[in-house]
Amino acid sequence: MGVTKSEIFSDSQNQIANMAKVLGHPARIAILQQIIKSKSCICGDLVSEIGLAQPTISQHLRELKNIGIIKGDIEGTRVCYCIDEEKWNEIRDLLSAFFQQEICGKECC
C-alpha cells in the first residue's frame, strides 16, 4: 500500500480527508448521535445504547476525540463526553463549503 503524500495537499484538503476518515464509520456516527441526543454521555451508557463492547466504544471515542469533535470530563472513575460545539461548527462549515462548490454544468458522461 502506498504512502499518502499529505504534504502535497492543502490544509483544507487534509482536514476534510481526516474528518471524513473518522466520520466514515457507522459506529462513530451512532456515538455522535447518542451524545447529541443525551446532551452529554457517560461511556458506560454508550455501551448499553449502541450495543458494542466497552473496548470498541473506547476506541471509537478516542478517534472522535483525536479530531476534537468531542471532549471528555473525568467524573470520578468515569469520563463524561459531550460535543465540542466550536469544533462541531468548524467541521460543519468546512464540509458545507466543500459541498457548496459549483460544479460544471457540462455533460461529461
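The values are calculated or read from the model by the stated rules, or taken from the named source; none is laboratory data. Everything quoted here is computed from the prediction, not taken from an experiment. We place every Cβ from the backbone using ideal geometry, glycine too, and count neighbours over all the protein chains shown. Surface accessibility is based on the protein's heavy atoms, side chains included, excluding ligands, DNA and RNA. Shrake-Rupley method; radii C 1.70, N 1.55, O 1.52, S 1.80 Å.
What pairs can you find where one residue is in segment 93-108 and open to solvent by less than 100 Å² (accessible area, probe 1.4 Å), the other is aliphatic (A, V, I, L, M), and their Cβ atoms are less than 6 Å apart, with a gap of 6+ or different chains?
Within 6 Å, the pairs are Phe98/Ile16.
What's the number of the condition Ser6 fails, among (1) without any contact (Cβ under 8 Å) to a residue 60 or more places away in the chain; (2) surrounded by 13 or more Cβ atoms within 10 Å (Cβ to Cβ)?
(2)
Evaluate segment 18-41: report whether one residue or more is of a type in the set (Gly, Ala, Ser), open to solvent by less than 60 Å² (accessible area, probe 1.4 Å) and at pLDDT below 85.
yes
Return a yes/no flag: does segment 31-50 have any residue that is aliphatic (A, V, I, L, M), in contact with a helix residue (DSSP H, G or I) (Cβ under 8 Å, 6 or more places away or on another chain) and closer than 23 Å to Phe99 by Cα.
There is at least one residue in segment 31-50 that is aliphatic (A, V, I, L, M), in contact with a helix residue (DSSP H, G or I) (Cβ under 8 Å, 6 or more places away or on another chain) and closer than 23 Å to Phe99 by Cα.
Exactly one of (1) more than 16 Å from Ile16 (Cα to Cα); (2) in contact with a helix residue (DSSP H, G or I) (Cβ under 9 Å, 6 or more places away or on another chain) is unmet by Pro55. Its number?
(2)
Is there any pair linking a residue in segment 61-84 that is within 16 Å of His25 (Cβ to Cβ) to one that is open to solvent by 40 Å² or more (accessible area, probe 1.4 Å), with Cβ under 6 Å and at least six apart or on different chains, and which?
Final answer for the pair search is Ile69/Lys87.
Scanning for something in a loop (DSSP other than H, G, I, E, B) and touching a residue at least 12 places away in the same chain (Cβ under 8 Å), does segment 19-36 turn up at least one residue? Before you say what the answer is, go through the steps one by one.
First pass over segment 19-36, keeping only residues in a loop (DSSP other than H, G, I, E, B): 24-25.
If we keep only those that are touching a residue at least 12 places away in the same chain (Cβ under 8 Å) as well, we get 25.
Yes, some residue in segment 19-36 is in a loop (DSSP other than H, G, I, E, B) and touching a residue at least 12 places away in the same chain (Cβ under 8 Å).
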